[in-house]
Amino acid sequence: MTSDSTASDAARASDAELWDERYRESRRIWSGKPNAPLVREVEGLKPGRALDLGCGEGADAVWLAREGWRVTATDISRVALERAAEHGAEAGVADRIDWQFHDLGVSFPEGEYDLVSAQFLHSMGDLPRERILRRAAAAVAPGGVLLVVGHAGFPAWEHDHADVELPTPDEVLASLELPAGEWDVLVSAEHERVQNDPDGNPTTRTDNTLKVRRR
Ligand SMILES: C[S@@+](CC[C@H](N)C(=O)[O-])C[C@H]1O[C@@H](n2cnc3c(N)ncnc32)[C@H](O)[C@@H]1O
């Protein structure tokens, strides 16, 4: 093992620890509701096999399973995955979701999917997001969709995210390096939503969506 690989192995171990710690901060850190852009872009698609990358506490995976998808959901945090599996069981869809631990910079779920979804796959850790999203595109079956939703910026109160790179949807598209003539771009757009700040005051945030379909 080289000193470089020792250093990057240590970084990966600490990414998992970092996210486990973040999830242990409270019993639930996300809303428990599916992400609105996921619901908007997936309603109307014929359910098939779905892959949720960085599934967190599982609200998107549970919603997809309820909509009739067979879901593989993956995250680097075992704390989040345990919590997500509990939510899946409570929702009665445990048999439709396969929860898998992956550090996506190191390993990736097997198989081909009709939908691959990356919702806010951002990290204050060492996340090779572009490479992961290229791998995600390779996992999309013919006729299937890759949906990448991200933040366009972070609010002032989330100052610990200052170093996280936030590409525009067109930058994400370029970084996917999709072969010409094999994919259609269905959505590449920014959108606003209102979120309360820690004092409960509504603020407007901007997110973005890239949705591409393999021909
Ligand atoms: C901002 S959260 C989004 C969670 C969820 N998709 C949502 O929208 O509520 C980012 C998620 O990515 C996960 N994550 C970060 N780095 C990862 C990696 N290298 N491999 C897999 N998951 C990772 C985190 O544990 C976290 O659950």
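The values are calculated or read from the model by the stated rules, or taken from the named source; none is laboratory data. Bear in mind that the values here come from a model prediction, so they are computed numbers and not experimental data. Every residue, glycine among them, receives a Cβ derived from its backbone with ideal geometry; neighbour counts consider all protein chains shown. Protein only, heavy atoms only, side chains kept; ligands, DNA and RNA dropped before computing areas. Shrake-Rupley method; radii C 1.70, N 1.55, O 1.52, S 1.80 Å.
Structure values in brief
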read-out	value
Flag for ALA50 being touching a Gly at 6+ places or on another chain (Cβ under 7 Å), modelled with pLDDT of 95 or more and closer than 21 Å to PRO109 by Cα	no
Criterion: in contact with a Gly (Cβ under 8 Å, 6 or more places away or on another chain), at pLDDT 95 or above and either over 27 Å from ARG213 (Cβ atoms) or within 11 Å of the ligand (Cβ to nearest atom) (or both) - qualifying residue of ALA73, ALA36	ALA73
Some residue of the range 130-149 being open to solvent by less than 80 Å² (accessible area, probe 1.4 Å), at pLDDT below 95, within 16 Å of the ligand (Cβ to nearest atom) and under 26 Å from GLY58 (Cβ atoms)	no
The one condition in (1) open to solvent by 30 Å² or more (accessible area, probe 1.4 Å); (2) small (Gly, Ala, Ser); (3) within 21 Å of THR72 (Cβ to Cβ) that GLY181 fails to fulfil	(3)
Residues that are more than 8 Å from the ligand (Cβ to nearest atom), open to solvent by 50 Å² or more (accessible area, probe 1.4 Å) and either more than 15 Å from the chain's Cα centre (by Cα) or within 19 Å of VAL149 (Cβ to Cβ) (or both), drawn from the range 92-123	GLY92, ALA94, ASP95, ARG96, ASP98, GLU110, GLU112
Residue tally, condition over 15 Å from the mean Cα position of the chain (by Cα) and either assigned to a helix (DSSP H, G or I) or not charged (D, E, K, R) (or both), over the range 33-70	9
Residue, least open to solvent (accessible area, probe 1.4 Å), within the range 190-215, restricted to residues that are without any contact (Cβ under 8 Å) to a residue 40 or more places away in the chain and acidic (Asp, Glu)	GLU190
Qualifying positions in the range 11-25 - modelled with pLDDT of 70 or more and assigned to a helix (DSSP H, G or I)	ALA13, SER14, ASP15, ALA16, GLU17, LEU18, TRP19, ASP20, GLU21, ARG22, TYR23, ARG24
